[in-house]
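Here is the structure we will look at.
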């Protein structure tokens, strides 16, 4: 299909321009439902299939392109904004972290050890990646350069530290840790210093993100249904703004928090805004647990 060719050509030029297809701007869409809809310009990265593979889907017309070339399980896609590369986890021989540059070059293996290297997240202004790994026995947080060099262990304790994410200015890393008995939100400097506990609710957290404006931390709590909370960067003034059956919320650079919901024939993509408004993308997409959206334009 023509749009697939455009995707392929643009990926060669740089991952974020991928994806610069001729698509309509943000707006409503008709799907026979009273639910508010959104048709943003951009590309969804999902892990789908058996075994799960990394795919790109147009937000406008569901055109698709398989991104990961191997037959093994692929998940946890993210984009390193500083250098426009896709990073993801492959379980061919790992799990290990790989970097995807373009359509003609094999992915680069950034980690290769007997541990489980998971949940890579790219920095926004520097060529760095953070991730969690149990290579030393417990789940700890590590950082490395975009080429896999300068591997640094950032946390050292008997607890499980996981799901790290850079702040929008890359001066802090937020992460989850059960060092207090439950998974709570912590922050630290990029070198692992100045660790601070921000939440202490006694309820496990299952995900976290920084808001697009860098002024809030958003986290999920799971008690029956999931609830999204936003709080100040110092942990003050936590406020619930969304409740539902979602898991694994991922934020895009427009400040929308995306998740999937299973339906007959696949799944639908929905998002919350920070003020609690809920939208869905018209159409049904292949079944996937997580969705990461790369906005282009609005």
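Which residues, taken from the range 176-203, are in a loop (DSSP other than H, G, I, E, B) and within 16 Å of residue 132 (Cβ to Cβ)?
If the condition is that a residue be in a loop (DSSP other than H, G, I, E, B) and within 16 Å of residue 132 (Cβ to Cβ), then 178, 179, 183, 190, 192, 195 are the ones that fit.
Restrict the check to the range 234-242 and report whether at least one residue is outside any loop (DSSP other than H, G, I, E, B) and either surrounded by 15 or more Cβ atoms within 10 Å (Cβ to Cβ) or touching a helix residue (DSSP H, G or I) at 6+ places or on another chain (Cβ under 8 Å) (or both).
Scanning the range 234-242, I find at least one residue that is outside any loop (DSSP other than H, G, I, E, B) and either surrounded by 15 or more Cβ atoms within 10 Å (Cβ to Cβ) or touching a helix residue (DSSP H, G or I) at 6+ places or on another chain (Cβ under 8 Å) (or both), so the answer is yes.
Filter the range 113-126 for residues that are over 16 Å from residue 140 (Cα atoms) and either in a loop (DSSP other than H, G, I, E, B) or more than 19 Å from the chain's Cα centre (by Cα) (or both) and give the result.
123, 124, 125, 126
Whether any residue in the range 150-169 is at positive phi and either touching a residue at least 60 places away in the same chain (Cβ under 8 Å) or not in a loop (DSSP other than H, G, I, E, B) (or both) is what I want to check.
yes
Just a yes or no: is a residue in the range 53-71 in contact with a strand residue (DSSP E or B) (Cβ under 6 Å, 6 or more places away or on another chain), closer than 22 Å to residue 130 by Cβ, at pLDDT below 80 and surrounded by 19 or more Cβ atoms within 10 Å (Cβ to Cβ)?
Yes, because at least one residue in the range 53-71 is in contact with a strand residue (DSSP E or B) (Cβ under 6 Å, 6 or more places away or on another chain), closer than 22 Å to residue 130 by Cβ, at pLDDT below 80 and surrounded by 19 or more Cβ atoms within 10 Å (Cβ to Cβ).
Yes or no: the range 268-277 includes at least one residue that is under 19 Å from residue 122 (Cα atoms), surrounded by 16 or more Cβ atoms within 10 Å (Cβ to Cβ), in contact (Cβ under 8 Å) with a residue 12 or more places away in the chain and out of contact with any helix residue (DSSP H, G or I) (no Cβ under 6 Å at 6 or more places or on another chain).
The answer is no; no qualifying residue exists.
Got a sec? Which of 134, 117 is within 29 Å of residue 49 (Cβ to Cβ) and surrounded by fewer than 22 Cβ atoms within 10 Å (Cβ to Cβ)?
Testing whether each residue is within 29 Å of residue 49 (Cβ to Cβ) and surrounded by fewer than 22 Cβ atoms within 10 Å (Cβ to Cβ) leaves just 134.
Please go through the range 218-233 and pick out each residue that is at pLDDT below 90 and either under 21 Å from residue 175 (Cα atoms) or crowded, with 19+ Cβ neighbours inside 10 Å (or both).
222, 223, 226
Looking at the range 257-264, can you tell me whether even one residue there is closer than 23 Å to residue 169 by Cβ and either surrounded by 21 or more Cβ atoms within 10 Å (Cβ to Cβ) or touching a strand residue (DSSP E or B) at 6+ places or on another chain (Cβ under 6 Å) (or both)?
yes
Looking only at residues that are without any contact (Cβ under 8 Å) to a residue 40 or more places away in the chain and over 14 Å from the mean Cα position of the chain (by Cα) in the range 72-90, which one is surrounded by the fewest Cβ atoms within 10 Å (Cβ to Cβ)?
72
Which pairs do you get when a residue that is at positive phi and surrounded by fewer than 19 Cβ atoms within 10 Å (Cβ to Cβ), found in the range 171-198, comes within reach of a residue that is assigned to a loop (DSSP other than H, G, I, E, B) and modelled with pLDDT under 95, reach meaning Cβ atoms under 8 angstrom, with the pair 6+ apart or on two chains?
From the range 171-198, the pairs are 181/202.
The values are calculated or read from the model by the stated rules, or taken from the named source; none is laboratory data. Please read these numbers as outputs of a predicted model, since none were measured by experiment. We place every Cβ from the backbone using ideal geometry, glycine too, and count neighbours over all the protein chains shown.
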